[in-house]
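Note sheet for the following structure.
The values are calculated or read from the model by the stated rules, or taken from the named source; none is laboratory data. Everything quoted here is computed from the prediction, not taken from an experiment. Ideal geometry is used to build each Cβ from the backbone, glycine not excepted, and the neighbour counts take in all protein chains shown. These accessible areas exclude ligands, DNA and RNA; they are computed on the full protein's heavy atoms, side chains included. Shrake-Rupley method; radii C 1.70, N 1.55, O 1.52, S 1.80 Å.
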Amino acid sequence: MKKFIGRREELRDLEGLLKAPRPVLLTIKGRRRIGKSRLAAEIAKGKEFISFTGLAPVDGITAQAQLDAFARQYYTKFGLPPMTVTDWSDAFAHVTEQITAQPTIILFDEISWMGSKDPTFIPKLKVWWDQTLQQYPNIMLILCGSVSTWIEDNILNSTAFFGRISLQIDLKGLSLPESVKFLEELGVNYSVYDIFQCLAITGGVPWYLEQIKPDLTAEENIKKLCFNPKGVLVHEYDRIFHDLFDHKGEIYRKIVQQLGIGMKTVAELRQELDYAHGGVLSRYLQDLETSGFIEQHYTWSLKTGTLGRQKLYRLSDSYLRFYVKYIQPNLPHIKKNAYRNIPISSLPGWEAMLGFQVENLILKNRLLLLDALGVYPQDVVADNPYRQRATKRHKGCQIDYLVQLRTNTIFACEFKFTKQEIGSSVISAMQEKINRLAISRGYGICPVLVHIGGVANSVYDKQYFYRVIDAADFLTDLSEII
C-alpha cells in the first residue's frame, strides 16, 4: 500500500474515537474516487479489519445479487466454504461470528449499492447495531459511500440512526500542498506550470492523481488520460452519472452542462433547462452539492455587507468542469484519435481554459489565499467570485475573487495563468473592473494579482497591486518547514 498522504484532521478525529470505551458508528461520504475506503484502511492499520463492498448498480443487479457478493467476500476473507445468504440479518450475524476482543474496524463500502435494493436493509442494520454490536466496546463500524444523497436520506437524516452517529466525515479533495506531496510520492517531478496543468484537470482527487505516470511528461499524461479514445478521464464522466444518479442521471447532466457555462441562479437554470416551477430542481441541485460537484453561495451587497436572497450555483469539481468545457466538445475527434500527434498546448483556447481551471482550483484552496493576504477567515463578511449585474445606474462586471472584510476593506483579486510574462496592461484591466463596482463611500479596495508565470518589472514599479502573489507558493506546506 502506497504511503498515505494528507487527511490529518480526519485521522485525528478517528484516532480520538478509537479511544472511546464503547462501539462507534460513523459515516464517510464524498465523490467517487476521493479516497474514502483508503482512509478507512489507513485507520484500520494494526487492527482487525473486516471490509465489504457493494456491487456497482449495473443492469440486472438485484437485492439477492448484493447478498451473494457479500457472502462471497465473507467466505473468501475468512477461508470458509462457499455459502448462501438470503437475508441481511443472517449476513450481519455471520460477521458477528468473526468479531474478537481485539480492536476491530468493520467497513461497509458503497453501502448505498449494497442496501438500496432491499427496503429491510436499514432496519436490520439498526437492529444489529443496537442489539449486537453494542456488546463489543472495541468496534468501529464505518458506513461509506459515493452516493452521498443516499447516506444523507437513509442514515444521517433517518430516525433509525438518530443519536447513534458519532462522526460524519465529508471527504473533500486533497489540498494543493497535499496533491504535490502525492505526486512526489509517485515519483512525479514537474515544473510549477506543469503541476498546475495536471492539478487543474484532476483537482485533488487521489485516484485521478494516481493515473499520472512519472515517466511521461505532463502533456503526455494529459493526452493519454483526456485525449485518447481509451483515456480513463474520457469515460469517467459517464460512469459518475450512471453509478451515482442511476436512471435520473440525464437531468443531472443537463444541470452540470449549464453550470459549465457559468454561475447561475435557480431561476436562470430553470429557464435554460425549460424546467417547470416547483421544488424538484432545487432537490437536484442539493444532490449535486451533497455529492461534491457543485457549490452554492449567496449574492451579497457590497454596500451593506449583507447576504442577498438569491443563491448562485457554480460547477466546482475540477474534472467535471474540464470535461464539459474541453473533452466533451472534442469527443468526435478524440474517438478518432485525432490528437495523437498534436501538442495540446496548440489546441484552440487551451491556455485560457487552463486559466479558468486554475482559478477554480485556487478557489477550492482559498484558505491558502486568505493566509497570503494576511486575512483571518473570521473577519470575512463574504468571499467568492463576484458578479455584478448591469443596471441603469451601473455597469456589469465580474471579479475573479472578491473578499469583503468587517473593516470595510475589499480585496479584488485577478487570477492570471500564463507562460508569458504578465505586462502592465493587467493594471488597466483591473482598474476598469474596480471602476464598475458599485460600493458605498468609506470602503477601501485593494487590488490583488495572483499569478503563475512571470510578472514584468513594470507591474511592480507602478505599485498598483496591494499584493502580487505567486501561486507557486501555495504548493508548499509551510507547516512542515522547520
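So the values come out like this:
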read-out	value
Selection count, segment 272-310, where residues are open to solvent by less than 50 Å² (accessible area, probe 1.4 Å), of a type in the set (A, V, I, L, M) and in a helix (DSSP H, G or I)	4
Which numbered condition Ile195 fails, given (1) under 25 Å from Glu289 (Cα atoms); (2) open to solvent by 10 Å² or more (accessible area, probe 1.4 Å)	(1)
Among the residues listed as Leu11, Leu39, Leu25, the single one being buried (at least 20 other Cβ atoms within 10 Å of the Cβ), assigned to a helix (DSSP H, G or I), at pLDDT 95 or above and not acidic (Asp, Glu)	Leu39
Hits in segment 428-470 (condition: part of a loop (DSSP other than H, G, I, E, B) and of a type in the set (A, V, I, L, M))	Leu437, Ala438, Ile439, Ala456
Contacts under 9 angstrom Cβ, first residue in segment 175-192 being farther than 22 Å from Asp317 by Cβ, partner among the polar types (S, T, N, Q) and open to solvent by 30 Å² or more (accessible area, probe 1.4 Å), 6 or more apart	Tyr190/Thr217
Which listed residue, of Ile427, Ile445, Ile452, is more than 26 Å from Lys303 (Cα to Cα) and of a type in the set (A, V, I, L, M)	Ile452
Selected residue (criterion: nearest to Ser175 (Cα to Cα)) from residues of segment 188-205 that are part of a helix (DSSP H, G or I) and polar (S, T, N, Q)	Thr202
Residues (within 23 Å of Gln328 (Cβ to Cβ), among the β-branched types (Val, Ile, Thr) and out of contact with any Gly (no Cβ under 7 Å at 6 or more places or on another chain)) located in segment 192-231	Ile201, Thr202, Ile212, Ile222
Pairs where the first residue, in segment 18-34, is within 13 Å of Ile105 (Cα to Cα) and free of Cβ contacts under 8 Å to residues at least 40 places away in the same chain and the second is open to solvent by 10 Å² or more (accessible area, probe 1.4 Å) and not in a loop (DSSP other than H, G, I, E, B), C-beta under 7 Å, 6+ apart	none
Positions within segment 169-184 being assigned to a helix (DSSP H, G or I), of a type in the set (Asp, Glu) and within 30 Å of Leu141 (Cα to Cα), in sequence order	Glu178
Residue match in segment 275-293 (condition: at positive phi and more than 15 Å from the chain's Cα centre (by Cα))	yes
Index of the failed condition, Gly187 passing every other in (1) open to solvent by 20 Å² or more (accessible area, probe 1.4 Å); (2) at negative phi	(2)
Residue match in segment 243-266 (condition: at positive phi and over 17 Å from the mean Cα position of the chain (by Cα))	yes
Answer from Ile105, Ile111, Ile43, Ile50 - the residue that is under 29 Å from Arg12 (Cβ atoms) and touching a Phe, Trp or Tyr at 6+ places or on another chain (Cβ under 6 Å)	Ile105
